[in-house]
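The structure under discussion appears below in the form of structure tokens.
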Amino acid sequence: MNIIEVKNLRFSYRNGEEILKGIDLTFNSKSTAIIGQNGAGKTTFVKLLKGLLKPTEGDIFIKGKNTTEVTVAKLAKEVGMVFQNPNDQIFKSKVIDEVMFGPLNIGQGMEEAKGNSLKALELMELSDKVDENPYDLSLSERKLITIASILAMDTDIVILDEPTISQDYFGKIKIKNIVKELAARGKLLITITHDMDFVAEISERVIVLNKGEVILDGSAEEVFLRDDILKSAYLEQPNITQLCKRLGYDRTFLALEEFVDYRLAGN
Amino acid sequence: MAKTLSLYVERNTFIHRVDSINKILYVLVSVAIPLILPYKFVAVLLILISISFLLLAKVMRRVIPLIEFSVIILLSIVIIQGLFHAGNKTVAFHIARITFYKEGLSYAFTLSMRVINILLAFAILVLTTKPSELIEALVKKGLSPRFGYVLSSALQIIPQMMSAVGSIMDAQRSRGLETEGNLAVRIRAFFPLIGPVVMGSLIETRERAMALEVRAFNSREKKTFLNERQNLRSDNVIRLILFSILSLSIVLRVLL
Amino acid sequence: MKKVVVENLKYRYPLSENLALKGISFEVEGGEFIGIIGRNLAGKSTLCQALVGLVPHFYKGAYSGNVEISGMNVLENNISELSKKIGIVFQNPFTQITAAKLTVYEEIAFGLENMGIEIKEMIRRIEYVLHLLDLEKYKDRNPFELSGGQMQRLAIASIIAMKPEIIVLDEPTSQLDPQGSEEVFKAIQSLSREGITIMMVEQKIEKIAQYADRVMLMSDGEVVDFDVPQKIFLRDDLLNYGVQAPVFTRVCRSLNIKNKNTGLYPVTLNEAYELMVRHEHNRS
């Protein structure tokens, strides 16, 4: 069974403007990035996946359940989403309590919730900050806390909305670790991001949204090859891909090592 | 919610062009005169004047719902006073076996006229004046610019805060917080919202305070204003008229 | 004249045990474009705040050392006075809108009204920055209706209208989409061409390499290095400081392709392309 099925999805807000214009997609467990400029419908789309919005037309099935038939809170057992602004959700005075909030809500027992939360915080390298007040930490650390609080819920689907904003090099490494961890656990990860280099490094599948429609859907290699289409969506290729294109190679390179090896092999 | 809190109706009439300060003075004078000259016809006269201004300003239609609403309330006051007012002696009329008295009706009538008078005068102010212009006029006359800023920014920030609550709700629902259901569930759902709303506001306020600082908000220079409204002769004339009417009523009160 | 002179600047936030800035010294010439890089919490934002006087006047805390902006001493002048010489643009476009004005045009006027600029001059400056930052078609819009990129351009316009000689930008594109980022970088480039001194904190290292005349590497409250991009990105200890050299530099380094004359690796796409093509040529 496909984990997520989107059938002929259309969505408009009450004021009438149609944001999503007929989306058909299925997701299994490949790490997927959704890219597109602001206003293309990415955030609206994931809100629909979370059940926060209901389709105007069409259906979304999360593990066979239609999103219109379940409350958002119940869907939270299957789909976890990390919002862009950590300040929008943090309200507990201890990091550990904050991370345990989600797991407890969806039915994990005290012991289980604590265990999952501590594991998630360890992954974020925040084990030493467990009893601190989240607001005493930096913005980037608070971002990691919100990611931990979703990981601790151990949902089969995880959505990250702009995880690399305000992260430095070390922060991005932590996020790449999460991606690996989720892949190891067989989870479906959907990432919304503007960081093309990051997409190239972590995504097996890339979906490009433009003006409410899917204009590209394929592996990262396939999608980043089409720089003409990317340009129409105001997107760029990852830096390494741009260099290789400029040098006249006709295949796409997504990673530095890949390109270096190819060159050193005499090409 | 609308993007800015304002009842202003965009029109291009003489009333709209009148200086905001004069409109405030008009409200003050309209409220004061029926108190100085407590004759029934004075209040009615002022009501008619306000109505004609509202018609001139082409905003009368907006006022009608307000009047309808107040009439309902005032009617109940009239009935209650007509029946139970303390000094009721003289019978006015009967309905079935219920007696209405002149004193009560008279009292209620005067009260109602005063209330409607105030409402209409305020309506002129609120419907024909841009809040930003009003606040700027007050700042020019000496209101603290800080306070003026707090007022003008509140008009846009409050609606923004309301939509922020929506985002915060979404974030907490996404973590399994149940918000749909019976009253108890919905009340409990309220608590995880308070922290983020308050913290969010505090953080934003602080960031905005810094942005204001670097835009020279606390500069000791005398401020200038982009919208320099010329002191029109008509502004002064109107002010003169208002003060004259006020003085006249005081004189009449003393004489009569 | 040196636009920015910093001498042994030390600073500790109130309620904090550690120094955020541990003795910083450097100078910046007029018209330079300085990129500031380093991991989170290295002190980059604190330094920005110290340049415009938010440190120490807004944040209070413990302060020592000397910062001169176009000859004005930061400690001796308040933020409003300093804003005549130096301006700052922050990360969040949204909180830089005053919310007290209903149009983009009036929003830009806000700072000028505070400075007591007379109306004709105000109008002249507003029209100038609307044009410079490509905001003319939005001049009657409500600032809250703009996109992130447009809002940031408005923030920049509002600051530039005050005619500072120096503008500090603290990760101005981190919350913007690629189009918005591009708009902002283009705008900053026009400012630089006008002769304004730019000091910009950025994580997008390829952009810094593209635009900066000199790059300041910060770590743990100190300036580790301050040099031209090619020299900074030549360092092999960058990862320790939480910085990755531009991918173009890393590629050439891995392939051992460098500029024969200077011994430096390229830092931008164009430089890498040129060098690699020449290398290709030599290979065959």
In degrees, nearest 10, range 0 to 90: what is the angle between the Cα axis of helix B:40-56 and the longest Cα principal axis of chain B? 50
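Please compute the average number of Cβ atoms from other chains found within 10 Å of each residue's Cβ in peptide C:97-107. Provide the component values of the computation, followed by the final result.
Values: counts 6, 9, 12, 15, 5, 9, 1, 0, 1, 3, 1.
Mean partner-chain Cβ count within 10 Å for C:97-107: 6.
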Summarise the partner chain shielding of C:34-46 as one whole number: the mean count of Cβ atoms from other chains within 10 Å of each residue's Cβ. 2
³J(HN,Hα) across segment A:246-255 via Karplus (A = 6.51, B = -1.76, C = 1.60, θ = phi - 60°), whole Hz, x for Gly/Pro? 4, 6, x, 6, 9, 10, 8, 10, 9, 10
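Per-residue mean of other chain beta-carbon atoms within 10 angstrom of the beta-carbon, peptide A:223-232?
Details: counts 0, 0, 0, 0, 0, 0, 0, 1, 0, 0.
What the average comes to for A:223-232 is 0.
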Contour excess over end-to-end distance, with Cα ends at B:S6 and B:E207 and 0.36 nm allotted per residue: 69.8 nm
Once both label points are put 7 Å beyond Cα along the C-beta direction, the B:S70-A:M110 separation in nm becomes 6.0
Got a sec? How would A:I175, B:I241 order by Cβ neighbour count within 10 Å, fewest to most? B:I241, A:I175
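Efficiency by 1/(1 + (r/R0)^6): what FRET value for B:K89 and B:N236, r their Cβ-Cβ distance, R0 = 51 Å, to the nearest 0.05? Present the calculation step by step, with values, prior to reporting the outcome.
Values: r = 51 Å, r/R0 = 0.99.
For B:K89 and B:N236, the calculated efficiency is 0.50.
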Choice from C:M151, C:M122, C:M199 showing the highest fluctuation, given a GNM over chain C with Cα pairs closer than 10 Å: C:M122
Over 18 Å between alpha carbons, listed pairs A:K47/A:K94; A:K50/A:K77; A:K92/A:K174; C:K10/C:K44: A:K47/A:K94; A:K92/A:K174
So which GluC sites (Glu not before Pro) in segment C:166-217 end up in coil per DSSP with only 11 or fewer other C-beta atoms within 10 Å? C:E194
In a GNM of chain C with a 10 Å cut-off on Cα contacts, which of C:I123, C:I188, C:I159 has the highest mean-square fluctuation? C:I123
Among the aspartates and glutamates, which have Cα under 19 Å from the Cα of C:K3 when same-chain residues fewer than 8 positions away are ignored? C:E27, C:E29, C:E32, C:E68, C:E76, C:E81, C:E165, C:D170, C:E194, C:D213, C:D227
Candidates C:I24, C:I108, C:I37; GNM for chain C (alpha-carbon contacts under 10 Å) flags as most fluctuating C:I24
In nm, to one decimal, how far is the modelled label at A:V130 from the one at B:L248, with both set 7 Å along Cα→Cβ? 8.3
In nanometres, what is the gap between the two model label sites at B:F190 and B:V44, each 7 Å from Cα along Cα-to-Cβ? 4.8
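Greater than 19 Å separation of Cα atoms is the criterion. Which listed pairs, A:K187/A:K211; C:K139/C:K207; A:K30/A:K176; B:K222/C:K139, meet it? Mind dumping the intermediate values first?
Details: A:K187/A:K211 29 Å; C:K139/C:K207 29 Å; A:K30/A:K176 15 Å; B:K222/C:K139 26 Å.
Listed pairs above 19 Å: A:K187/A:K211; C:K139/C:K207; B:K222/C:K139.
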Straight distance only, please: which lysines reach the Cα of B:K58 with their own Cα at less than 28 Å, same-chain residues fewer than 8 apart left out? B:K3, B:K23, B:K40, B:K130, C:K101
Going from the fewest other Cβ atoms within 10 Å to the most, one would list B:R173, A:R185 as A:R185, B:R173
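Using Cβ counts within 10 Å as a stand-in for footprinting exposure, how do A:R226, A:R251, B:R61 rank, fewest first?
Working: A:R226 17, A:R251 13, B:R61 10.
Least crowded to most crowded, the residues run B:R61, A:R251, A:R226.
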Using alpha carbons only, how many degrees (0 to 90, rounded to 10) separate the axis of helix B:20-36 from the longest principal axis of chain B? 40
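Values in this text are rule-based calculations from the coordinates and carry no lab data. Everything quoted here is computed from the prediction, not taken from an experiment. Cβ atoms come from the backbone with ideal geometry, glycine included; neighbour counts cover every protein chain shown.
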